[in-house]
1. If I ask for residues that are closer than 21 Å to Asp182 by Cβ, in contact (Cβ under 8 Å) with a residue 60 or more places away in the chain and not aliphatic (A, V, I, L, M), which ones from the stretch 206-259 would you list?
2. Filter the stretch 185-216 down to residues that are out of contact with any helix residue (DSSP H, G or I) (no Cβ under 7 Å at 6 or more places or on another chain) and of a type in the set (S, T, N, Q) and give me whichever is nearest to Gly169 (Cα to Cα).
3. Mind counting the residues in the stretch 13-63 that are among the β-branched types (Val, Ile, Thr) and modelled with pLDDT under 70?
4. Output the number of the condition that Arg183 fails; it satisfies all remaining conditions of (1) at pLDDT 90 or above; (2) more than 16 Å from the chain's Cα centre (by Cα); (3) closer than 23 Å to Leu243 by Cα.
5. For the stretch 115-198, please list each of the strands (runs of 3 or more DSSP E) lying entirely inside it that holds at least 3 residues being small (Gly, Ala, Ser).
6. Looking only at the stretch 117-160, count how many residues are among the aromatic types (Phe, Trp, Tyr), surrounded by 19 or more Cβ atoms within 10 Å (Cβ to Cβ) and out of contact with any strand residue (DSSP E or B) (no Cβ under 9 Å at 6 or more places or on another chain).
7. Of everything in the stretch 253-266 that's in contact with a Phe, Trp or Tyr (Cβ under 8 Å, 6 or more places away or on another chain) and not in a loop (DSSP other than H, G, I, E, B), which residue is modelled with the lowest pLDDT?
Amino acid sequence: MQEIYNNIIYGVRIVDVIDIALVAFVLYKILVFIHETRAEQLVKGLLVIVLATFVSDKLKLYTLNWILVNTMTLGVIALIIVFQPELRRALESIGRSQFIRTQFVRIDKEKAKSITASLVKAIDYFSSKSIGALIVLEQETALSDISESGTKIDAEISTELIGNIFYEGSPLHDGAVIIRGDRIMAAGCVLPLTQDKTLSRELGTRHRAGLGITENSDAVVFIVSEETGIISLAVNGKLTRFLDIKSVEKTILNLYLADTDSKKTRVPFLDSLRRNNNAKK
């Protein structure tokens, strides 16, 4: 027994420890990613099929085992199709580098405050008057293809311009505004709808579109309900509702002033905001 113990202890190299640590880290990140998406329920279903395949093999249930084995073979292709949005988000997340400076960090502090004030004033006005609005703040993932679905504007951000875009009589008010850095790139844009089947039926197309774009990119989206004037925030495929104007201001300012060299990222702040709003409800 002592010999086996010695072989295990002295036979393990530093490279082996690093190898195991890397594999554990990758598995942990995969589990965290799955837990944060609708893939969690699908993975549970897959595990049931794997367990059934194992049991049917041990019990020599040949017909059932044959069906399950062939189902697993075809299931690989099916999983790629079903998990397409999640796989896309994962690959985009891997592709984002903290060494690449974003649109936000190239804007000085005073400019950031001015942009924030303009956006906050517009959102506050929309909320008080129950005017529907859909404002998308682009981050690392470029939304050029989405911008092409609307009308190109490429103008400086101003409360007046945003107000005119979402004015009920405007031909662009039903679409989304895409903001890149300190410029409004396009308006009247068509966004992909969310694939989340658990979303409340009370939420209309505007909310589903705002949530949908965050499932396919790292964009941050502000949504104002046309029926109630409620302000919502969509980020990373999750929706936070009932934001007050102070939370909106803090969120936007944090995005524009975030420093990619700092240890504090934008996502933890948004997660904290979501937890606080859920606690209030």
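1. Ser217, Asp218, Phe222, Glu249, Tyr256, Asp259
2. Only one residue tops the list, namely Thr205.
3. Result for the stretch 13-63: 2.
4. (3)
5. 183-189
6. 0
7. Filtering first and then ranking leaves Leu257.
The values are calculated or read from the model by the stated rules, or taken from the named source; none is laboratory data. Here the structure is a predicted model, which is why all the values come from computation and not from measurement. Note that each Cβ is placed from the backbone with ideal geometry, even for glycine, and that neighbours are counted across all protein chains shown.
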